[in-house]
Every structure is written in C-alpha cells, then in structure tokens.
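J.: Below you'll find the structure I mean.
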Amino acid sequence: MIIGLTGGIGSGKSTVLNMFKKLGFETYVADIKAKNLMNTNAALVQDITNLFGKEAYKNNELNKTYIAEIVFKDKKKLAALNALVHPKVREDFKNFVKKSPAKFIIYEAAILFESGSNKLCDFVITVTANLEDRIRRVKKRDGVTKSQVLDRIQHQLNDEEKIRKSHFVIVNNTLNTTEKQVLTVYNILLKHSKK
C-alpha cells in the first residue's frame, strides 16, 4: 500500500514521517531523491545544464542557490525544471516499490499534488500546522527571514486545496497530539490493508 504524505513548508512532514517510520513503514522522500538524481543522473544533469547554463553546476554539484534564485522568480523555468525532474523521480520510485518487501510505503513529497504523484498513491495524508509555527520552524531551520518563508509558502499549493484532495489530515501543533493522530491513521490503514 502506497501512502502519499505532503504538507506545506514548515508543517512538520519530516516529524510525521519519522513517526510512521517507527511504526514500520518504509519511506521514500521525493525531495531528497530528486536532489540526488539531479547530481547523479547523467541525462538529467545535461538537461538541467541546457536549461540553466553552465552555472547550474559548481564543482560537479547542483548549484542550488543559483537555481533557486531563478525558479522562484520565473514560473516557466520552475515548470521546465519540474518537467525534467519529476519523471525521473517517478521512475526511481517505481523501482523502489518493486524492490521493497514492506507492506506500507510512504511517498513523501512537498509538491505531491502539483507533480501528479498523488496518482501513485492509495491514500494521501496532508500535514498542516498554524502559520506562525510554520514560519518559526523554517526561520530556525533554514536561517531565513519571515518574508522569505512567506514567499516560499506563496509558491506552494494552499492547505485548503491539499486537504480537499486528501484522505487524512494531521494537524501538527504539539508532538503529543500529532502522535495520537498518526496512530489513528495507522490503525485505519491497517484495517484497509486486511480487506
């Protein structure tokens, strides 16, 4: 059973993902895999270089700062980058599923719906948190300003839209209540897997 896990920046997807991991779920983090593929897949490296120029890579590593500067200001360039990366991630994930003996696999992606990856999932969970908590978490984690966090949030699908398309919602305000919600979802998924 494949479960999609998504949520806006700073919502606490990683926290929820780790809770499911402790319950025995195998996990695939699309953003990490995408970064890895952008550095190791020769065809993808070439395509990204063609799209952004030689500055796209520095010392054989993806120049994330340079690319982020461009894509956050240019939606067409962002769409073009996504069109290159998502099919490679999807292919990688399908291979991962084939090799995995796990009963449950969580596919975690910040842009699960935007990339169409929700179509790979049997169920989708959206993690939400109140805006102030999200801003505080991202500022602390990434060392950025409030306006930079808000700018990133603007570029993501809003929570209402994600919730509407999801089977489950986990509100991540305190660890204790989040853990209880994860257990509830886990028990429901367990029942479904036995049908």
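J.: As I understand it, the dipole of the chain uses +1 on the Cβ of Lys and Arg and -1 on the Cβ of Asp and Glu, about the Cα centre. Which of N50, A80, S100 lies farthest toward its positive end?
T.: S100
J.: Where Rh is the Kirkwood radius over the Cα pairs of the stretch 139-180, the temperature 10 °C and the viscosity 1.306 mPa s, what D in µm²/s does Stokes-Einstein return?
T.: Estimated diffusion coefficient is 127 µm²/s.
J.: Please state the charge dipole magnitude for the chain, taken about the Cα centre, from unit charges on C-beta atoms (+1 on K and R, -1 on D and E), reported in debye and rounded to the nearest 20.
T.: About 380 debye.
J.: Let me check I've understood the local charge: for L150, count other residues with C-beta under 12 angstrom from its C-beta, Lys and Arg +1, Asp and Glu -1. What total comes out?
T.: Counting the neighbours of L150, the net charge comes to +2.
J.: Plugging the Kirkwood radius over Cα pairs into Stokes-Einstein for the stretch 32-101, at a temperature of 10 °C and a viscosity of 1.306 mPa s, what D comes out in µm²/s?
T.: Reported coefficient: 125 µm²/s.
J.: Can you compute the charge dipole magnitude of the stretch 1-59 about its Cα centre, using +1 on each Lys and Arg Cβ and -1 on each Asp and Glu Cβ, nothing else charged? Give it in debye, rounded to the nearest 20.
T.: My answer is approximately 180 debye.
J.: Kindly write out, for the stretch 64-78 in residue order, the coupling ³J(HN,Hα) from the Karplus curve 6.51 cos²θ - 1.76 cosθ + 1.60 (θ = phi - 60°), rounded to whole Hz, with x marking Gly and Pro.
T.: Working through the residues one at a time gives 4, 4, 4, 5, 4, 3, 6, 5, 6, 9, 10, 4, 5, 5, 5 Hz.
J.: Then there's this: For the stretch 155-188 and the stretch 98-117, what is the separation of their C-alpha centers, rounded to whole Å?
T.: If you average the Cα positions of each part, the centres end up 16 Å apart.
J.: Report ³J(HN,Hα) in whole Hz for each residue of the stretch 181-194, in order, from the Karplus equation J = 6.51 cos²θ - 1.76 cosθ + 1.60 where θ = phi - 60°; Gly and Pro get x.
T.: With coefficients 6.51, -1.76 and 1.60, one gets 5, 4, 5, 4, 4, 4, 5, 5, 5, 4, 4, 5, 6, 8 Hz.
Computed from the coordinates by the stated procedures, all read-outs in this text should not be read as laboratory data. Because the structure is a prediction, the values reported are computed rather than measured. Cβ: placed from backbone, ideal geometry, glycine included. Neighbour counts: every protein chain shown.
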